[in-house]
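Every number here is computed from the coordinates shown, using simple stated rules; none is lab data. Computed from a predicted model, the values in this text were never measured in an experiment. Please note: Cβ atoms are built from the backbone with ideal geometry, for glycine as well, and neighbour counts cover all protein chains shown.
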Amino acid sequence: MNELRELYQEYVLDHGKNPRNFRAIEHPTHVGEGYNPLCGDRITLQLVLDGDDIRDMAFQGAGCAISTASASTMTEALIGRSVTEARAMLEEFLQMVKGEGEPDLDALDKLAVFSGVSEFPMRVKCATLAWHTLTAALEGREAVTTE
Amino acid sequence: MSRADFPALDQQVHGEPLVYLDSAATALKPQVVIDAVTNVYARDCANIHRAVHTLSQRATKAFEVSREKTRAFLNAGSTQEIVFTSGTTEAINLVAQAWARPNLREGDRVLISGLEHHSNIVPWQIVCRQTGAELVVVPVTDDGEVPLEDIEAKLDERVKLVAMNHVSNALGTVQDAAGVAKLAHAVGAKVLFDGAQAAPHIPVDVAAIDADFYAFSGHKLYGPTGVGVLYGKKALLEAAEPYQGGGDMIRSVTFAKTTYADLPAYLEAGTPNIAGVIGLGAAIDYVEAKGRAALHEREQELLRYGTEALASIPGVRLIGTAKHKVGVLSFVMDCAHPHDIGTIVDAKGVAIRTGHHCAQPVMERFQIPATARASLGLYNTPEDLDALVRALGEVRRMFG
Ligand SMILES: Cc1ncc(COP(=O)(O)O)c(C=O)c1O
């Protein structure tokens, strides 16, 4: 089945098994918690922002291959970018995985490996969990410093 | 064989013949049930208990015949003890609000187990909040059992109600219902069984169990969705407060005074799911014709086959290894998350459930986010389980 191979590309499987930036940041400036009650996926996302710049981003948690790989690739794609760019990519990413509009796949670069998700409506939430968690982190809660 | 009775089995999914292993979520429907429902809308389409015309008489008769079939199915003493609801969920909520709420006060306890479906947890949380009673939970063992000794240890005269599933949907564990009832009654507590997963798999005898309340859903018993049953001992149902007010549940209404109807109408306000109830009657006939004991025996054989087949796959761990189980195989794989397993086996035409199965406390107990669950219906065969095993091989090839 081709859709399945589209969904689970080598790149996705690799990031699912060996997630990048899967670690704790000691002094994050922003933290978001994400939970998908449908499948029990949980993610904690930590960021270090310097003004509009994303200096560092890391995540921890347990999830399926799609949600883990999505969080992993998101951190890789966004470290070193600005929050403004991140928000723009979020919009493109959501359009792509929901199969809506005409997302700019070039701008999404490596994240385009998740385009196959749109064929699996039940898995869209897996792919978007990390991104929604990013929004939650940006919108609010400063992390408490424990010094 | 029975497979031909189920039209839904005659289809392909992603180019593969459908293998349906999700009957614990909802069972497929045999043609006789579909026909019974269709006949209500095509022919006997009338409201019940209300008019003298012929169609209404036919519909009313078929509806009440279903009630008698349900009574016999549960071995209840009287059709007055059979209340139709929209499902197990509503049946439990009915007991919580109409019986428990007026009877519970501060200091009282409701005892449940750690193996419950959310629908046998949340209604008690609500009623405990309303009354000041306390919800107490009996823990689950590593095998997924709730032993009688552990229940007994939590029982004293503060416990007014014990509410437990007869069979667990997440793990398939069968509870010794008669044993639970005896313990509960010894301290003066009433006992409710959530029989949603029991009714389709094991013979249920509310008299032999001595259940005070017993709930099940039509759709898991090869019947329509949107219909369920609450059995309650007559004295308890009579003492219940009205659950909902409306038509059919009254004898007379004036603005000065309303007198209520007798059971079971008293607890069945409004136009019920007429086609659903009649379809449930057809489902009960279908199951009884096959013989519940025979179905149970056949399923046990298939369960043994499936348990061994899954255990032989490297990296598969069964969750729920109780001595007495029905055809539910909950498992995790070390190489893949249940959600990924579900998607990959679906691509092979195999339908299983993945997730927490509306039993998040069970997942927490076993420290897993979710399981994959294959559950059996009377149409399943060893070949279906072989197809699952092959599909799990594909999961291992991709993720292993
Ligand atoms: C054990 C158990 N209890 C209660 C329910 C709720 O049944 P329904 O959704 O039909 O009301 C289910 C169904 O998922 C179940 O498996």
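Numbers below:
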{"item": "For B:Arg109, distant residues with modelled amide H under 5 Å away", "result": "B:Glu134, B:Val159, B:Lys160, B:Leu161"}
{"item": "Euclidean distance between Cα centres, the stretch B:1-52 to the stretch B:302-365, Å", "result": "26"}
{"item": "Proportion of all alpha-carbon pairs of the protein assembly as shown beyond 38 Å (%)", "result": "39"}
{"item": "C-alpha center-to-center spacing [the stretch B:162-200, the stretch A:116-135] in angstrom", "result": "39"}
{"item": "At least 15 Å along the helix axis (C-alpha) and Kyte average at least -1.0, DSSP helices within chain A", "result": "A:65-78, A:83-98, A:124-139"}
{"item": "Other-chain or far-sequence residues with amide H under 5 Å of B:Val227's (modelled H)", "result": "B:Gly218, B:His219"}
{"item": "Trypsin sites (Lys or Arg not before Pro) lying in DSSP loop within the stretch B:304-345, provided at most 13 other Cβ fall within 10 Å", "result": "B:Lys323"}
{"item": "Proxy reagent accessibility, fewest Cβ within 10 Å first, across B:Asp142, B:Asp340, A:Asp109, B:Asp176", "result": "B:Asp142, A:Asp109, B:Asp176, B:Asp340"}
{"item": "Chain A: relative contact order as a whole-number percent, Cα under 8 Å and 6+ apart", "result": "30"}
{"item": "Value of relative contact order over the stretch B:312-352, rounded to a whole percent, pairs C-alpha under 8 Å and six or more apart", "result": "31"}
{"item": "Beta bridge orientation in chain B: antiparallel %, DSSP, nearest 5", "result": "60"}
{"item": "Average partner coverage of B:356-362, which counts Cβ from other chains inside 10 Å", "result": "1"}
{"item": "Percent RCO, i.e. relative contact order, over chain B, from Cα pairs under 8 Å lying at least 6 residues apart", "result": "23"}
{"item": "Footprinting exposure proxy for A:Glu102, B:Glu288, B:Glu152 (fewest neighbouring C-beta atoms within 10 Å first)", "result": "A:Glu102, B:Glu288, B:Glu152"}
{"item": "Convex hull volume of the stretch A:2-145 per residue (C-alpha atoms, cubic angstrom)", "result": "100"}
{"item": "Residue order, fewest to most surrounding Cβ atoms within 10 angstrom, among B:Tyr379, B:Tyr20", "result": "B:Tyr379, B:Tyr20"}
{"item": "10 Å Cβ neighbours from other chains, averaged over peptide B:335-347", "result": "6"}
{"item": "Cα-based helix-to-principal-axis angle, B:122-131 vs chain B, degrees rounded to 10", "result": "40"}
{"item": "Listed peptides A:115-128, B:46-59 by packing density, highest first (mean Cβ within 10 Å)", "result": "A:115-128, B:46-59"}
{"item": "Square roots of 5 times each gyration tensor eigenvalue, C-alpha, the stretch B:146-286, largest first, Å", "result": "30, 22, 10"}
{"item": "Helix-derived mean residue ellipticity, 222 nm - over chain B, DSSP H n ≥ 4, -39500 (n - 2.57), to 500", "result": "-11000 deg cm²/dmol"}
{"item": "Table column - 3J(HN,Hα) (Hz), the stretch B:338-346, Karplus curve with 6.51, -1.76, 1.60, x for Gly and Pro", "result": "x, 5, 5, 4, x, 5, 6, 5, 4"}
{"item": "From phi via Karplus (6.51, -1.76, 1.60), per-residue ³J(HN,Hα) for the stretch B:385-400 in Hz, x at Gly/Pro", "result": "6, 4, 5, 4, 4, 4, 5, 5, x, 5, 4, 5, 4, 6, 10, x"}
{"item": "Rg over Rh, two decimals, chain B (C-alpha only, Kirkwood Rh)", "result": "0.99"}
{"item": "Of B:Lys29/B:Lys61; A:Lys125/B:Lys325; A:Lys125/B:Lys220; B:Lys220/B:Lys325; A:Lys110/B:Lys348, those spanning more than 26 Å from alpha-carbon to alpha-carbon", "result": "A:Lys125/B:Lys325; A:Lys125/B:Lys220; A:Lys110/B:Lys348"}
{"item": "Average other protein chain Cβ within 10 Å of Cβ, residues A:31-42", "result": "3"}
{"item": "Over chain A: helical MRE at 222 nm, DSSP H runs n ≥ 4 each giving -39500 (n - 2.57), nearest 500", "result": "-13000 deg cm²/dmol"}
